[in-house]
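Just below is one structure, and these are the notes that go with it.
The values are calculated or read from the model by the stated rules, or taken from the named source; none is laboratory data. This is a predicted model, so every value here is computed, not measured. Because the Cβ atoms are built from the backbone with ideal geometry, glycine has one as well, and the counts that use them run over all protein chains shown. The area values use the complete protein model at the heavy-atom level, side chains included, leaving out ligands, DNA and RNA. Shrake-Rupley method; radii C 1.70, N 1.55, O 1.52, S 1.80 Å.
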Amino acid sequence: MTLPVLVDCDTGIDDAFALSYLACRPEVHVTGIVSSAGNVDVHAVHRNNLALAELLRTDAPVSRGAEGPLIQELMTAADTHGPGGLGHAALPPSGRIEDPRSGAQLWVDAARQQPGELVGLVLGPHTNLALALEIEPELPRLLKRLHIMGGAINHRGNTGPTSEWNIAVDPEAAQRVLAAFSAAPRRPVLGPLEATETLRFEQAELERARQLAERSGHPVAAILADGLRWYFEFHEADGLGWMAHVHDPIVAIHALTGQFASTYPLAVDVELAGTLTRGQTVGDVLGRWGRPPNVEVLTAVQPHAALEHLIGTLETAWV
Ligand code: BDR
Ligand code: CA
(Lines give C-alpha, C1' and ligand atoms only; values in the text may rest on other atoms or scores of the structure.)
(Ligands and ions follow the chains in the order given, each with its own letter.)
Protein backbone atom coordinates (compact mmCIF):
# COMPACT_ATOMS: atom_id res chain seq x y z
CA MET A 1 0.00 0.00 0.00
CA THR A 2 1.45 3.36 -1.03
CA LEU A 3 0.24 6.76 0.08
CA PRO A 4 -1.03 8.90 -2.82
CA VAL A 5 0.34 12.45 -2.54
CA LEU A 6 -0.37 15.51 -4.69
CA VAL A 7 2.19 18.33 -4.44
CA ASP A 8 1.39 21.93 -5.38
CA CYS A 9 4.67 23.84 -5.41
CA ASP A 10 6.56 26.84 -6.80
CA THR A 11 9.89 25.07 -7.41
CA GLY A 12 12.06 26.68 -5.94
CA ILE A 13 15.20 25.28 -4.30
CA ASP A 14 13.54 23.97 -1.14
CA ASP A 15 10.57 22.68 -3.15
CA ALA A 16 13.07 20.64 -5.20
CA PHE A 17 14.36 19.04 -1.98
CA ALA A 18 10.80 18.19 -0.95
CA LEU A 19 9.94 16.71 -4.36
CA SER A 20 13.14 14.65 -4.32
CA TYR A 21 12.39 13.39 -0.84
CA LEU A 22 8.86 12.33 -1.83
CA ALA A 23 10.06 10.62 -4.99
CA CYS A 24 12.65 8.68 -2.99
CA ARG A 25 10.23 7.36 -0.37
CA PRO A 26 9.02 3.87 -1.28
CA GLU A 27 5.80 4.30 0.72
CA VAL A 28 4.71 7.25 -1.44
CA HIS A 29 3.11 7.48 -4.85
CA VAL A 30 3.32 11.04 -6.15
CA THR A 31 0.03 11.15 -8.05
CA GLY A 32 0.23 14.72 -9.24
CA ILE A 33 2.44 17.80 -9.34
CA VAL A 34 0.87 21.24 -9.76
CA SER A 35 3.17 24.07 -10.84
CA SER A 36 2.34 27.24 -8.96
CA ALA A 37 3.44 30.77 -9.77
CA GLY A 38 5.49 32.02 -6.84
CA ASN A 39 9.23 31.87 -6.39
CA VAL A 40 9.50 32.35 -10.16
CA ASP A 41 6.79 32.71 -12.82
CA VAL A 42 4.60 29.71 -13.50
CA HIS A 43 6.34 28.82 -16.77
CA ALA A 44 9.75 28.59 -15.12
CA VAL A 45 8.26 26.62 -12.21
CA HIS A 46 6.60 24.29 -14.69
CA ARG A 47 9.86 23.73 -16.59
CA ASN A 48 11.53 22.84 -13.31
CA ASN A 49 8.75 20.47 -12.28
CA LEU A 50 8.64 18.70 -15.65
CA ALA A 51 12.41 18.21 -15.62
CA LEU A 52 12.45 17.03 -12.00
CA ALA A 53 9.50 14.66 -12.55
CA GLU A 54 11.39 13.08 -15.41
CA LEU A 55 14.77 12.87 -13.66
CA LEU A 56 13.14 11.56 -10.48
CA ARG A 57 11.29 8.96 -12.57
CA THR A 58 7.87 9.68 -11.17
CA ASP A 59 4.86 8.94 -13.36
CA ALA A 60 2.99 11.89 -11.85
CA PRO A 61 1.07 14.13 -14.24
CA VAL A 62 2.52 17.65 -14.06
CA SER A 63 -0.01 20.46 -14.58
CA ARG A 64 0.57 24.14 -15.08
CA GLY A 65 -1.19 26.30 -12.51
CA ALA A 66 -2.61 29.80 -12.82
CA GLU A 67 -0.45 32.62 -14.17
CA GLY A 68 -0.85 34.65 -11.03
CA PRO A 69 -2.72 35.25 -7.77
CA LEU A 70 -6.50 35.61 -7.49
CA ILE A 71 -6.47 39.38 -7.10
CA GLN A 72 -3.07 41.01 -6.62
CA GLU A 73 -0.14 41.19 -9.02
CA LEU A 74 2.32 38.30 -8.95
CA MET A 75 5.57 38.93 -7.09
CA THR A 76 8.50 36.59 -7.60
CA ALA A 77 11.75 35.95 -5.73
CA ALA A 78 14.53 35.51 -8.26
CA ASP A 79 17.00 36.88 -5.69
CA THR A 80 16.15 34.01 -3.32
CA HIS A 81 15.89 31.15 -5.81
CA GLY A 82 17.74 32.36 -8.91
CA PRO A 83 16.30 33.55 -12.22
CA GLY A 84 15.14 30.05 -13.20
CA GLY A 85 14.12 29.04 -9.67
CA LEU A 86 16.87 26.50 -9.02
CA GLY A 87 19.81 28.75 -8.23
CA HIS A 88 23.03 27.84 -10.04
CA ALA A 89 21.61 24.56 -11.36
CA ALA A 90 21.38 24.14 -15.11
CA LEU A 91 18.49 21.86 -16.01
CA PRO A 92 18.87 19.48 -18.93
CA PRO A 93 16.11 19.83 -21.53
CA SER A 94 13.17 17.64 -20.57
CA GLY A 95 11.15 15.44 -22.88
CA ARG A 96 8.41 15.18 -20.28
CA ILE A 97 5.01 16.20 -21.67
CA GLU A 98 2.83 18.40 -19.48
CA ASP A 99 -0.59 17.25 -18.38
CA PRO A 100 -3.10 19.34 -20.36
CA ARG A 101 -5.39 19.93 -17.38
CA SER A 102 -5.17 23.09 -15.29
CA GLY A 103 -3.55 22.78 -11.89
CA ALA A 104 -6.94 23.31 -10.27
CA GLN A 105 -8.50 20.53 -12.33
CA LEU A 106 -5.68 18.16 -11.41
CA TRP A 107 -6.41 18.76 -7.71
CA VAL A 108 -10.07 17.96 -8.28
CA ASP A 109 -9.52 14.90 -10.46
CA ALA A 110 -6.89 13.42 -8.15
CA ALA A 111 -9.12 13.88 -5.10
CA ARG A 112 -12.21 12.47 -6.81
CA GLN A 113 -10.25 9.49 -8.10
CA GLN A 114 -9.23 8.41 -4.60
CA PRO A 115 -11.81 9.84 -2.22
CA GLY A 116 -10.56 9.91 1.36
CA GLU A 117 -7.11 8.68 0.31
CA LEU A 118 -5.19 11.59 -1.16
CA VAL A 119 -2.74 13.62 0.91
CA GLY A 120 -2.40 17.18 -0.42
CA LEU A 121 0.77 19.22 0.07
CA VAL A 122 0.84 22.96 -0.62
CA LEU A 123 4.45 24.16 -0.70
CA GLY A 124 3.80 27.40 -2.56
CA PRO A 125 1.00 29.97 -2.82
CA HIS A 126 -2.57 28.66 -2.47
CA THR A 127 -3.91 29.97 -5.79
CA ASN A 128 -4.54 26.62 -7.48
CA LEU A 129 -6.16 25.00 -4.49
CA ALA A 130 -8.44 28.03 -4.09
CA LEU A 131 -9.42 27.70 -7.76
CA ALA A 132 -9.93 23.96 -7.30
CA LEU A 133 -12.37 24.70 -4.46
CA GLU A 134 -14.48 26.70 -6.90
CA ILE A 135 -14.78 23.60 -9.11
CA GLU A 136 -15.25 21.15 -6.24
CA PRO A 137 -16.32 22.64 -2.89
CA GLU A 138 -16.28 19.12 -1.42
CA LEU A 139 -12.46 18.96 -1.65
CA PRO A 140 -11.95 19.34 2.11
CA ARG A 141 -13.99 16.17 2.60
CA LEU A 142 -12.48 14.35 -0.38
CA LEU A 143 -8.87 14.70 0.77
CA LYS A 144 -7.41 12.48 3.46
CA ARG A 145 -5.28 15.33 4.82
CA LEU A 146 -3.86 18.69 3.77
CA HIS A 147 -0.39 19.89 4.77
CA ILE A 148 0.73 23.44 4.11
CA MET A 149 4.05 25.28 4.28
CA GLY A 150 2.97 28.77 5.10
CA GLY A 151 2.54 31.56 7.59
CA ALA A 152 4.33 32.88 10.63
CA ILE A 153 2.56 32.69 13.98
CA ASN A 154 4.06 34.92 16.68
CA HIS A 155 7.16 35.20 14.52
CA ARG A 156 8.51 37.79 12.11
CA GLY A 157 7.73 37.37 8.45
CA ASN A 158 10.21 36.67 5.69
CA THR A 159 8.43 38.76 3.04
CA GLY A 160 6.70 41.67 4.76
CA PRO A 161 7.61 42.35 8.40
CA THR A 162 4.81 40.02 9.49
CA SER A 163 4.05 37.98 6.36
CA GLU A 164 5.48 34.75 5.04
CA TRP A 165 6.11 34.25 1.31
CA ASN A 166 3.54 31.58 0.38
CA ILE A 167 0.74 33.53 2.06
CA ALA A 168 1.97 36.98 0.97
CA VAL A 169 2.01 36.04 -2.73
CA ASP A 170 -1.73 35.28 -2.68
CA PRO A 171 -3.38 36.18 0.64
CA GLU A 172 -6.93 35.85 -0.70
CA ALA A 173 -6.26 32.31 -1.88
CA ALA A 174 -4.76 31.32 1.48
CA GLN A 175 -7.70 32.86 3.32
CA ARG A 176 -10.21 30.95 1.15
CA VAL A 177 -8.37 27.67 1.58
CA LEU A 178 -8.22 28.00 5.37
CA ALA A 179 -11.90 28.97 5.49
CA ALA A 180 -12.98 26.06 3.28
CA PHE A 181 -10.86 23.52 5.14
CA SER A 182 -12.35 24.49 8.48
CA ALA A 183 -15.07 22.05 7.36
CA ALA A 184 -12.57 19.23 6.79
CA PRO A 185 -12.90 16.14 8.99
CA ARG A 186 -9.20 16.55 9.88
CA ARG A 187 -7.66 19.94 10.47
CA PRO A 188 -4.97 20.90 7.93
CA VAL A 189 -1.41 20.98 9.26
CA LEU A 190 0.17 24.41 8.84
CA GLY A 191 3.98 24.59 8.87
CA PRO A 192 4.86 28.21 9.70
CA LEU A 193 8.26 29.87 9.53
CA GLU A 194 9.08 29.37 13.18
CA ALA A 195 8.91 25.61 12.52
CA THR A 196 10.41 25.44 9.04
CA GLU A 197 13.31 27.77 9.84
CA THR A 198 14.62 25.30 12.39
CA LEU A 199 15.79 23.14 9.47
CA ARG A 200 19.05 25.00 8.95
CA PHE A 201 21.51 23.73 6.39
CA GLU A 202 25.05 24.68 7.40
CA GLN A 203 28.38 24.22 5.62
CA ALA A 204 28.43 20.53 6.64
CA GLU A 205 25.12 19.88 4.85
CA LEU A 206 26.21 21.88 1.82
CA GLU A 207 29.31 19.72 1.62
CA ARG A 208 27.25 16.56 2.11
CA ALA A 209 24.97 17.60 -0.76
CA ARG A 210 28.00 18.20 -2.95
CA GLN A 211 29.42 14.80 -2.07
CA LEU A 212 26.08 13.14 -2.76
CA ALA A 213 26.13 14.62 -6.25
CA GLU A 214 29.68 13.37 -6.77
CA ARG A 215 29.21 9.89 -5.33
CA SER A 216 25.83 9.16 -6.86
CA GLY A 217 26.20 10.87 -10.23
CA HIS A 218 22.43 11.37 -9.97
CA PRO A 219 21.41 14.44 -12.01
CA VAL A 220 18.98 15.65 -9.35
CA ALA A 221 21.66 15.45 -6.65
CA ALA A 222 23.74 17.86 -8.75
CA ILE A 223 20.72 20.16 -9.18
CA LEU A 224 20.13 20.19 -5.42
CA ALA A 225 23.78 20.90 -4.63
CA ASP A 226 23.98 23.74 -7.16
CA GLY A 227 20.64 25.12 -6.00
CA LEU A 228 21.70 24.97 -2.38
CA ARG A 229 24.85 26.97 -3.07
CA TRP A 230 22.70 29.81 -4.46
CA TYR A 231 20.39 29.55 -1.43
CA PHE A 232 23.42 29.96 0.89
CA GLU A 233 24.60 32.99 -1.08
CA PHE A 234 21.14 34.55 -0.84
CA HIS A 235 20.87 33.98 2.93
CA GLU A 236 24.32 35.44 3.43
CA ALA A 237 23.46 38.50 1.32
CA ASP A 238 20.26 38.83 3.40
CA GLY A 239 22.36 39.11 6.58
CA LEU A 240 21.60 35.62 7.91
CA GLY A 241 25.06 34.15 7.52
CA TRP A 242 26.47 31.24 5.50
CA MET A 243 23.51 28.89 5.88
CA ALA A 244 20.10 28.26 4.36
CA HIS A 245 16.60 27.78 5.73
CA VAL A 246 15.24 24.90 3.68
CA HIS A 247 11.55 25.28 4.46
CA ASP A 248 9.41 22.91 2.43
CA PRO A 249 10.84 19.43 3.26
CA ILE A 250 9.86 19.38 6.93
CA VAL A 251 6.21 19.74 5.93
CA ALA A 252 6.54 16.78 3.55
CA ILE A 253 8.48 14.74 6.12
CA HIS A 254 5.88 15.31 8.82
CA ALA A 255 3.05 14.60 6.36
CA LEU A 256 4.50 11.18 5.59
CA THR A 257 5.90 10.07 8.88
CA GLY A 258 3.92 11.99 11.49
CA GLN A 259 7.31 12.29 13.19
CA PHE A 260 10.12 14.80 13.72
CA ALA A 261 7.67 17.48 14.96
CA SER A 262 4.43 17.83 16.84
CA THR A 263 1.38 20.05 16.35
CA TYR A 264 -1.07 22.11 18.36
CA PRO A 265 -4.59 23.24 17.40
CA LEU A 266 -5.20 26.93 16.72
CA ALA A 267 -7.72 29.23 15.05
CA VAL A 268 -5.77 30.98 12.28
CA ASP A 269 -6.93 33.50 9.70
CA VAL A 270 -5.21 35.62 7.08
CA GLU A 271 -5.10 39.42 7.31
CA LEU A 272 -6.35 40.86 4.01
CA ALA A 273 -7.04 44.49 4.87
CA GLY A 274 -4.05 45.56 6.97
CA THR A 275 -2.10 48.39 5.41
CA LEU A 276 1.08 47.20 7.16
CA THR A 277 0.19 43.58 7.87
CA ARG A 278 -1.57 42.26 4.75
CA GLY A 279 -0.77 38.57 4.35
CA GLN A 280 -0.08 38.00 8.04
CA THR A 281 -1.37 34.74 9.50
CA VAL A 282 -3.06 35.75 12.73
CA GLY A 283 -3.36 33.04 15.36
CA ASP A 284 -6.01 33.49 18.07
CA VAL A 285 -4.02 32.03 20.94
CA LEU A 286 -6.35 33.29 23.67
CA GLY A 287 -9.56 32.32 21.84
CA ARG A 288 -10.82 35.92 21.56
CA TRP A 289 -12.72 35.17 18.33
CA GLY A 290 -14.64 32.31 19.91
CA ARG A 291 -13.94 30.20 16.82
CA PRO A 292 -12.86 26.56 17.05
CA PRO A 293 -9.30 25.78 15.93
CA ASN A 294 -9.12 25.35 12.15
CA VAL A 295 -5.49 24.20 11.79
CA GLU A 296 -2.86 22.12 13.53
CA VAL A 297 0.28 24.24 13.75
CA LEU A 298 3.58 22.45 13.27
CA THR A 299 5.91 22.97 16.22
CA ALA A 300 8.75 21.42 18.24
CA VAL A 301 10.64 20.25 15.18
CA GLN A 302 13.56 17.90 15.79
CA PRO A 303 15.81 19.57 13.24
CA HIS A 304 18.85 17.30 13.46
CA ALA A 305 16.86 14.09 13.19
CA ALA A 306 14.69 15.54 10.41
CA LEU A 307 17.75 16.68 8.45
CA GLU A 308 19.37 13.29 8.82
CA HIS A 309 16.14 11.62 7.68
CA LEU A 310 15.93 13.93 4.66
CA ILE A 311 19.51 13.62 3.45
CA GLY A 312 19.69 9.97 4.48
CA THR A 313 16.62 9.22 2.33
CA LEU A 314 18.31 10.74 -0.73
CA GLU A 315 21.60 8.97 -0.02
CA THR A 316 19.90 5.60 0.38
CA ALA A 317 17.96 6.03 -2.85
CA TRP A 318 20.75 7.41 -5.00
CA VAL A 319 24.10 6.01 -3.88
C1 BDR B 1 8.41 29.52 1.37
O2 BDR B 1 8.61 30.51 0.38
C3 BDR B 1 9.31 29.98 -0.70
O4 BDR B 1 10.31 30.86 -1.13
C5 BDR B 1 9.87 28.66 -0.28
O6 BDR B 1 9.90 27.77 -1.37
C7 BDR B 1 8.92 28.21 0.80
O8 BDR B 1 7.85 27.45 0.28
C9 BDR B 1 9.11 29.96 2.64
O10 BDR B 1 8.58 31.16 3.08
CA1 CA C 1 7.93 26.62 -1.99
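Quick notes on this structure:
- Boolean, Leu6 is touching a residue at least 12 places away in the same chain (Cβ under 8 Å) and either open to solvent by 10 Å² or more (accessible area, probe 1.4 Å) or within 24 Å of Pro93 (Cβ to Cβ) (or both): no
Conditions (1) open to solvent by 60 Å² or more (accessible area, probe 1.4 Å); (2) of a type in the set (Ser, Thr, Tyr); (3) not in a helix (DSSP H, G or I), marked per residue:
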residue: Leu206; (1), (2), (3): no, no, no
residue: Gln211; (1), (2), (3): yes, no, no
residue: Glu214; (1), (2), (3): yes, no, no
residue: Val220; (1), (2), (3): no, no, no
residue: Ala225; (1), (2), (3): no, no, no
residue: Glu233; (1), (2), (3): yes, no, no
residue: Val251; (1), (2), (3): no, no, no
residue: Leu256; (1), (2), (3): no, no, no
residue: Gly287; (1), (2), (3): no, no, yes
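- Verdict on Leu146 being more than 12 Å from ligand 1 (Cβ to nearest atom), at pLDDT 95 or above and open to solvent by less than 10 Å² (accessible area, probe 1.4 Å): yes
- Identity of the residue in segment 235-249, in a loop (DSSP other than H, G, I, E, B) and buried (at least 18 other Cβ atoms within 10 Å of the Cβ), that ends up farthest from ligand 1 (Cβ to nearest atom): Val246
- Single residue of segment 158-196 satisfying the filter (in a loop (DSSP other than H, G, I, E, B) and open to solvent by less than 10 Å² (accessible area, probe 1.4 Å)) that is farthest from ligand 2 (Cβ to nearest atom): Pro188
- Filtered residues of segment 104-143 (kept if within 21 Å of Gln72 (Cα to Cα) and either within 16 Å of ligand 1 (Cβ to nearest atom) or at pLDDT below 95 (or both)): Val122, Leu123, Gly124, Pro125, His126, Thr127, Asn128, Leu129
- Restricted to helices (runs of 4 or more DSSP H) entirely inside segment 53-135, those with at least 2 residues that are within 16 Å of ligand 2 (Cβ to nearest atom) are 78-81, 127-135.
- Residues in segment 260-274 include at least one that is open to solvent by 10 Å² or more (accessible area, probe 1.4 Å), more than 14 Å from Gly191 (Cα to Cα) and at pLDDT below 95.
- Per-region count, segment 55-78, residues closer than 19 Å to Glu164 by Cβ and either open to solvent by 40 Å² or more (accessible area, probe 1.4 Å) or at pLDDT below 95 (or both): 8
- Of everything in segment 24-41 that is crowded, with 24+ Cβ neighbours inside 10 Å and outside any strand (DSSP E or B), the residue that is farthest from ligand 1 (Cβ to nearest atom) is Ala37.
- Taking residues in segment 63-91 that are without any contact (Cβ under 8 Å) to a residue 40 or more places away in the chain, and partners anywhere that are in a loop (DSSP other than H, G, I, E, B) and open to solvent by 40 Å² or more (accessible area, probe 1.4 Å), the pairs with Cβ atoms closer than 8 Å and at least 6 places apart or on different chains are Arg64/Glu98; Arg64/Ser102; Glu67/Asp41; Glu67/Leu74; Thr76/Asp41.
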